[in-house]
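Computed from the coordinates by the stated procedures, all read-outs in this text should not be read as laboratory data. Just so we're clear, the structure is a prediction, and the values are computed from it rather than from any experiment. Glycine also receives a Cβ, built like all others from the backbone with ideal geometry; neighbour counts cover every protein chain displayed.
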Number of protein chains: 2
Amino acid sequence: MSLDPLVFDVFAKNCTSRPVMDIIGGRWGILTLAALQQGTHRFNELRRRVDGVSEKMLSQTLHALERYGLVVREVRSAIPPRVEYSLTDSGARIAASLVDLIELVEAEMPQITIAQERYDAREDPAVVPQKPTR
Amino acid sequence: MSLDPLVFDVFAKNCTSRPVMDIIGGRWGILTLAALQQGTHRFNELRRRVDGVSEKMLSQTLHALERYGLVVREVRSAIPPRVEYSLTDSGARIAASLVDLIELVEAEMPQITIAQERYDAREDPAVVPQKPTR
């Protein structure tokens, strides 16, 4: 990588990979890419699968993913025209990684839930040591 | 998974995995977990590594990650007290997956950049078919 004239580093504030990562890692980006990993979807199919997404947010997410070359939007001639979304090769590689992440997080949820309940039950959270209770 | 009484599904609107995923997939969550995969860090070390994060955002991110049992905050007795952050086992598993994702996205950035430039150069983007140019 260090021989590459273009080295992308998401840790660097001004790296162009940051806004890309924001879309990919954002709630709707993760779910849209992961849904498309199951195959081509029409807009309304995606909207049902990505439960809770608004029409506007899904539309914006798909445009961003299309702009980054991760999703292809195809209009099939029919009445009314059928618009289908699918992953590009880059999109499929990233979606596969996101599906791994989702499965991992879902598998960790029992421990995460226990940790969260324990944390919330703490009487004197260490996170606010600057504010003594007296 | 289907035998488990608690099945977490990030696609479901009200699943408690959604806010967890928001933190993990969010810009500062991804970078903080990935930074900690390199080992224990003090607050200011993390702030330098996660370039561009504000003190407030890093603090909020660390509290959320600690609450979810992904990060441990330890106060070492010293003058002034030394506060160190490290990953739990759950945190380390998720961080490893995030590092994979980061490396993948960084590797895809040349294609993503080309796609983006091509998209932005389009005279009549298909994304706004509702607005004819006349």
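In a GNM of chain B with a 10 Å cut-off on Cα contacts, which of B:101, B:58, B:70 has the highest mean-square fluctuation?
Looking only at B:101, B:58, B:70, the largest GNM fluctuation is found for B:101.
Please check which bits of segment B:80-94 a label hung off residue A:111 would reach, taking the label as a point 7 Å along Cα-to-C-beta and the cut-off as backbone N under 20 Å.
B:85-94
Once the Cβ-Cβ distance between residue B:93 and residue A:49 is put in as r, and R0 is 35 Å, what FRET efficiency do you end up with, to the nearest 0.05?
Efficiency for this residue pair is about 0.85.
Can you say what percent of the DSSP beta bridges in the protein assembly as shown, counting only those with both residues inside, are antiparallel? Round to 5.
100 percent
Hey, for residue A:39 with labels 7 Å out along Cα-Cβ, what do the inter-copy distances come to in nm, ordered shortest first?
Copy-to-copy label distances for residue A:39: 4.9 nm.
For n ≥ 4 DSSP H runs only, could you compute -39500 (n - 2.57) per run for chain A, divide by its residues and tell me the 222 nm figure to the nearest 500?
-17500 deg cm²/dmol
How large is ³J(HN,Hα) for each residue in segment A:78-91, as worked out from phi by the Karplus curve 6.51 cos²θ - 1.76 cosθ + 1.60 (θ = phi - 60°), to whole Hz, x for Gly and Pro?
6, 10, x, x, 9, 9, 10, 10, 8, 8, 7, 4, 4, x
Which whole number gives the average count of other chain Cβ atoms within 10 Å of the Cβ atoms across peptide A:108-120?
6
Where nothing but the Cβ of Lys and Arg (+1) and of Asp and Glu (-1) is charged, how large is the charge dipole of chain A around its Cα centre, in debye to the nearest 20?
The dipole magnitude comes to about 500 debye.
Top mean-square fluctuation among B:35, B:107, B:92, Gaussian network model of chain B, C-alpha springs under 10 Å?
Most flexible of the set in this elastic network: B:107.
Starting from a label point 7 Å past Cα on the Cβ side, list the distances from residue B:74 to the same position in the other copies, nm, shortest first.
Ordered by distance, the counterparts are at 5.4 nm.
Nearest-to-axis residue of chain A, judged by Cβ, for the A-to-B rotation, with distance in whole Å?
Looking at chain A's Cβ atoms against the axis toward B, the nearest is A:25, 2.
Extension gain residue A:14-residue A:86, at 0.36 nm per residue separation less the Cα-Cα distance, in nm?
Value of the extension gain: 22.9 nm.
Got the residue B:60 label distances to the other copies yet, label 7 Å along Cα→Cβ, in nm, shortest first?
1.7
Give me a comma-separated list of calculated 3J(HN,Hα) values for segment B:35-44, in order, Karplus coefficients 6.51, -1.76, 1.60 applied at θ = phi - 60°, integers in Hz, x for any Gly or Pro.
So the Karplus estimates, Gly and Pro as x, are 5, 6, 5, 6, x, 4, 9, 8, 3, 5 Hz.
Report, to the nearest 10°, how far helix A:55-67 tilts away from the longest principal axis of the Cα atoms in chain A, using its own Cα long axis and a range of 0 to 90°.
Orientation of helix A:55-67: about 70 degrees from the principal axis.
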